[in-house]
Each structure stands twice: as structure tokens, then as C-alpha cells.
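Chemist: Attaching a single structure in C-alpha cells format; questions to follow.
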């Protein structure tokens, strides 16, 4: 479903990604981890074309992301993304946040969009907040709305860019619970996160990145049981100390 | 369109004979520069003083400064100029008014325009100074006072040196504005750059050349001032400070 | 000592009102046209297409480096004759009001565009990313997500600029167009009561501008909560 082949990217002379390759099958949950600055957020943003890359090939649902003819907007409409800082639209109510892209991008009617949006809002447990504005919600609530907003587009797969790292500790779980639910329903997911509990729980595979390279791509049991690279071992021991 | 361009017009002698049209332009430029610079110096003094007053914890002092700012920012520059030029000499005691009116016309116009521009710009400078001082963390003032400095000392050594650096960029734009605003003085007959441009149109029937020349001269002034102020800003920049 | 005589003002009020209407007409037209054109200029300036961004930057820098009086003189003394020779408009046709509106719109657009550009920049970069990630095009993201937020942040600055513009319209004096100030000046010279009329017009400008700026401040406080 997502095929990443030999992707390289640089800003000027600074190499951000070097020769990264990975395959994601339908229904898989891939957790990407690694030290900060290892290029994991950049990699996941390449998947829906938010970050351009210079070399390699990236195919999502049979569409080549890097090809100049590709209609990126159309591709993105069916690839959900959740951001570290939520990025809800602060000038719109929650329900409008959920509807705007359904109406303007998918061309749904307002009634249809509201119905779909409210259903998903209910699913993330926030029906009562529909008329509020993002600024009136807690971080955890905002992030759950952001997930619902992405789901409202009926995505074929979901990208999560450190969805819990901007949250206060007590709010992390409410967001992770929603994500676990999604994974169990068979949603194809790529998740950049440091939450190793989440990885142990639902990941199909774990990708470990360091200095712009994919150092390890292993099943979660192999990764947590016997990480091969020294860097991954160091990383795990640091993370697990917390 | 058949317009006859004639750039040589600037080298032609004026009807009065003593100089060329280029000479008129240059004397206009001279008046613009003299007017703007003298008004700028007064504006800095007045605006700096008033700006500090607006931040001091004394209701009377800050009240005076507030009234000054509100009056001068909420009336059009043109109205202010006309009041200085036409109204003030009438309102002064007769002897003083007559003394002003007996000055030569150029001096009357120049002084009215200078005072007008200075106080108009001073009100804007005042606001920049105030917001510069207010943008400094309250901690700076407390830190100064905690070290045993008096309030004036805290202003002198702690607050103002940093505030000046913060307000330099907005002051630059006020400095640029004063040159542009000085063109309003042409309305009371002061022969500065814009007025010379108009006079040239009347005398030569070559409007395009004269207007282009005046416009270019203003652009040159703008560019030169901008370059100078960038140099000043670079020189006073605090190492490691964001400004 | 000068003896005030305000008696010529009551009779002149109807004329002054007509002048004020003209002042407001120019102000409102220039604010609306200036914001629209200024927004386009700001977008051009931020465009990745070099020609557009150069045009935007050139336009803004040109208009910001010359005095408003000069711009008005250009428009009043030169543009009408240009129009006459280009479109064969009868010479008797009074183009001054149109010229004033066009001049102020084009001039203010340069200032508005700088405010709007800063407003667009103040919206976090992630918002564009989020809009794109939902499948919105650049134009949709700008129109639906970025500009509404930018304008919300900019409203006080745009209004303040509008108040400055309101005061600046008095400079149509250079074309002897009878706006509020022009009318006050005419009445004052006619009756030999320039002192009273100038002071009166200053007071009127002050009351309107001061109240408007207090309103803006009030509005700013309320929205920042």
C-alpha cells in the first residue's frame, strides 16, 4: 500500500534522509522511532508530499508521490495525517473543523459532512464539544478532534507525527486509546512516536531511524527482544529507563 | 500620444535668469533635507521625553504626555500645518504675532513647517519609545531597583539603553516618514522638492520630466536613509540578543 | 488679542456635511480597494513565482518611498490628461474625485499589503501543512484557513491604518477638491474666518479619529481575551 524506495532528501548541503526504504502492507501498523533529528518526522511527511524529496520513489495506493504530474491534493485527501501540535483551525468551531475539508475537498453536502463528523466526534468521545472552539479544549481533546478530522475524510491510511509529544502526561493515554482502537480495526498506520508501550501493544513492525537512515526494520518482537544495532540498543535502554 | 520628451529642460535657464531648472530642483532638495532633519532632531527630543513620561508612575506627567499624543495623532497633518501657519500668529499676543508676520515669507513657512512636522512626528516617536520601554520585561526595572539604583538611574542605565535598541527599527520608519511628510509643506507655499516640481510643470510644460525627477529624488533619499539606519542598527546590536 | 467669531459656522454646516460625505466616500473606497489590492500584492510577494514576487516587492517599495502628496500630484495633474488623450474623454469632465479614489487606493494598498503580509506570516506554518494534508489546494488553504486567521489578527492594524487614511484624505486639498477640509478652508477664506474654520475642522477630525481609535482599542481588548 505504501512503498518507500531509496528516498534521499537534503536541505542545501545538509542530508536529512539517506536512502530510506520500507514497505507498508494494508492493515499494518508501523511505529517509527529514533532520537530527535533522526529524520523520522521528515520521512512520514514525505509520504503525503508535505516534504519534497530529491531522490528515490514513493508510491501510495499506486500513485507516485514524487512525480510532477501527481495531483498531491487528491492523494492527500485519502491519506490522513495527525500533527504534533494538533493544527486544528482556531477560527472554526469543532464541527466546522471536521467538515471543512469534507465539503471543500470531497465535495460532500453540508448535512452529509456534519453527520459524518458528529459520528466520528462521538467515536473519540467528544460529542458534547461540537460547538466549541479549539482554544476551549484541552490538548488531549484537541488531538482527538484532529484524529476525527482526519478520519472524516475516509482515509485509506493514517500518518501520525508524534501525536502525543506535545501533550501533558495525563492526557497521553486518552489519545493513545483512540489510536489503539483504530489499529485493532485494521487501519493502516504509520506512527512516529516515543511511546514504546503503544508499539509493544499494536505495532506490526518497528522502524528505527538514526541520522537520516533506517537502521532497523523489524517485527516488534525482534525489535524489543533482540535489537541488532548498537544505536537501537542504546536508544531503547535510554527510553525504558523512564 | 505625442509627448515631446525633453530632458535637457533641466539645463535650461529659468525665466528669472539666475539659475537653471536643475538649480530649482536642487534648492528644493536642500529645503526638504533641512526641514526634515531639523524637524527630526526636535521630534526625537520631544518624542523621547514624552515617551519616557508616558511610562513613569505619575498620573499628571503621564497624563500630559497622553494628551499630547492623542491630539497630534488624531488630527490630519495638513490641518496641523495650517493651524501653525495661519492660526497661531493670530492667537499670539498682537506684538508677537506681528513680529512673526513681519519675518520674510520663506522663514515663516519654514518655521511653521518645522514645528508642525516636529510635533507631529514627536507624537509617533513617543508611542514607539513607550512601547519599547513597555516591551522590556518588568524584571529589568525590578532588577535595577533591587540593586539599589534609583528610578532615574534605572531608566538611565538599564531601561533606556535596551529600549533604544528595540525602538531603532520603528524609528527608522518614522525617520523615513518625516522626509515624505515634509512634502505637505508645499501646501503653504514652501518651495521644497515637491513644490519645485509643481513650479516646473507650470513654467516648462514638461510635467513628466519634472515629476519623474522629483519622484526619483524622494526615492534616493529613502534609499540613503534606509542604508544609513541599517548601519546604525548593526552597530548597536547586542551580541546574542534577538534584536 | 484675537477675537473669535464662530458665527459663520452654523450657516456653513450643510456645505461642510457635503464635504464630509466626500471625505468618507474616498476613505471607504480606498480602504476596501486598498485591502483587496493589498492582499493580492501580499500574496504576489510571497509567491514562489519570481516575476510576481518582484512585481509585488517593487510596487510596495515604490509607493512606500514617495510622499502621498507626490502620488496625488501625479494622479491629479498627469493622469487626467493621460486619460483624455487615451480615451478621448471630454476635457470638461471632472476626473478629480475618481483620480483621488484611485490614487488613495493604489497608495494605501502598498501599506495594507505590508500589514497583511505580516498577518499571514503570523499564522503558524503547521496550519498550511494541516490544510494540505486534508487535501486542500494552496488556494483553498489560503482562502479558507490562512487568510481568515490572518485577518482576525490584523483587524486592529487595518482599522488603525483606516483612521490614518481618513486623516490623509485631507491632502486632496492639492487638487482643490471640496472634501471636508477643503470646504472648511473655502468657507474660512470666503468669510475671513480662517482661524475659526481651521480650528473647527481640526476638532471634527480629532473627535472622529479619537473615537474611532478608542473603539479599535476596546475591540482589541475584547478579542484578545
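Just so it is clear, none of the values below were taken in a lab; they were calculated from the coordinates. For clarity, every value in this text was computed on a predicted model and none was experimentally measured. Every residue, glycine as well, gets a Cβ built from its backbone with ideal geometry; the counts of neighbours run over all protein chains shown.
Chemist: If you project the alpha carbons of the protein assembly as shown onto the principal axes, what extent comes out on each, in Å, largest first?
Modeler: 101, 74, 50
Chemist: In addition: Measure off 7 Å from each Cα along the Cα-to-Cβ vector at residue B:145 and residue B:33, then give the distance between these two points in nanometres to one decimal.
Modeler: So the label points at residue B:145 and residue B:33 sit 4.7 nm apart.
Chemist: Restricting to the protein assembly as shown, compute how many DSSP beta bridges are antiparallel as a %, nearest 5. Display every interim value, and only then the final one.
Modeler: On the way: 21 of 38 bridges.
Taking every DSSP beta bridge within the protein assembly as shown, about 55 percent pair in antiparallel fashion.
Chemist: I need the calculated FRET efficiency for the pair residue A:180 and residue C:49, taking r as the beta carbon distance and R₀ as 60 Å, to the nearest 0.05. Let's see the in-between values first.
Modeler: Details: r = 45 Å, r/R0 = 0.76.
Efficiency computed from Cβ-Cβ geometry: 0.85.
Chemist: Which value in deg cm²/dmol, rounded to the nearest 500, describes the helix-derived mean residue ellipticity at 222 nm for chain C, given -39,500 (n - 2.57) per DSSP H run of n ≥ 4 and division by the residue count?
Modeler: Numbers: 9 runs with 169 residues, N = 225.
Counting only the DSSP helices, I get -25500 deg cm²/dmol.
Chemist: Run the quick spin-label model on residue B:111 and residue C:122: label points 7 Å from Cα toward the beta carbon, then report their separation in nm to one decimal.
Modeler: Label at residue B:111, label at residue C:122, 4.5 nm between them.
Chemist: While we're on this one: Between A:50, A:118, A:58, which gets the highest mean-square fluctuation from a Gaussian network model of chain A, Cα cutoff 10 Å?
Modeler: A:50
Chemist: Let me ask something else about it. Specify the residue with the greatest mean-square fluctuation among C:88, C:179, C:191, computed from a Gaussian network of chain C linking alpha-carbon atoms under 10 Å apart.
Modeler: Greatest mean-square fluctuation among the candidates belongs to C:88.
Chemist: Pop the C-beta distance of residue C:8 and residue C:28 into the FRET formula with R0 = 45 Å and round what comes out to the nearest 0.05. Could you put the intermediate results ahead of the total?
Modeler: Working: r = 29 Å, r/R0 = 0.65.
After rounding to 0.05, the efficiency reads 0.95.
Chemist: Ok, one more. With each pseudo-label sitting 7 Å past Cα toward Cβ, what's the residue B:58-residue C:96 distance in nm, one decimal?
Modeler: Label-label distance for residue B:58 and residue C:96, simple model: 5.0 nm.
Chemist: Still on this model: Consider all pairwise Cα distances in the range C:24-173 and report the whole-number % of them above 24 Å.
Modeler: Details: 4570 of 11175 pairs.
Distances greater than 24 Å cover 41 percent of the Cα pairs.
Chemist: Work out the FRET efficiency for residue A:237 and residue B:228 from their Cβ-Cβ distance, taking R0 = 45 Å, and round it to the nearest 0.05.
Modeler: Values: r = 59 Å, r/R0 = 1.31.
That pair, residue A:237 with residue B:228, gives E of 0.15.
Chemist: Roughly what % of DSSP beta bridges within chain A run antiparallel, to the nearest 5?
Modeler: Values: 20 of 37 bridges.
Around 55 percent of the beta bridges assigned by DSSP in chain A are antiparallel ones.
Chemist: Rounded to whole Å, give me the distance from the Cα center of the range B:1-71 to that of the range A:36-115.
Modeler: One Cα centre to the other: 54 Å.
Chemist: Let me ask something additional. Can you give me the Cα centroid spacing of the range C:76-145 and the range B:142-173 in angstrom?
Modeler: 40 Å
Chemist: Another one. Using alpha carbons only, how many degrees (0 to 90, rounded to 10) separate the axis of helix A:94-104 from the longest principal axis of chain A?
Modeler: Its long axis makes an angle of about 80 degrees.
Chemist: Using only the alpha-carbon atoms, how far is helix C:194-223 inclined from the longest principal axis of chain C? Give it as 0 to 90 degrees, nearest 10.
Modeler: 20 degrees
Chemist: Next question. Gaussian network model of chain B, Cα springs within a sub-10 Å range: biggest mean-square fluctuation belongs to which of B:115, B:56, B:184?
Modeler: B:56
Chemist: Compute the long axis of helix C:180-191 from its Cα atoms, compare it with the longest principal axis of the Cα atoms of chain C, and write down the angle in degrees, 0 to 90, nearest 10.
Modeler: The angle comes out at about 10 degrees.
Chemist: Using Cβ counts within 10 Å as a stand-in for footprinting exposure, how do C:114, A:57, C:108 rank, fewest first?
Modeler: A:57, C:114, C:108
Chemist: Inside 10 Å of the C-beta atoms of C:188-197, what's the mean count of C-beta atoms belonging to other chains? Working shown, then result.
Modeler: Numbers: counts 3, 1, 0, 0, 0, 0, 5, 7, 1, 3.
Rounded to a whole number, the mean comes out at 2.
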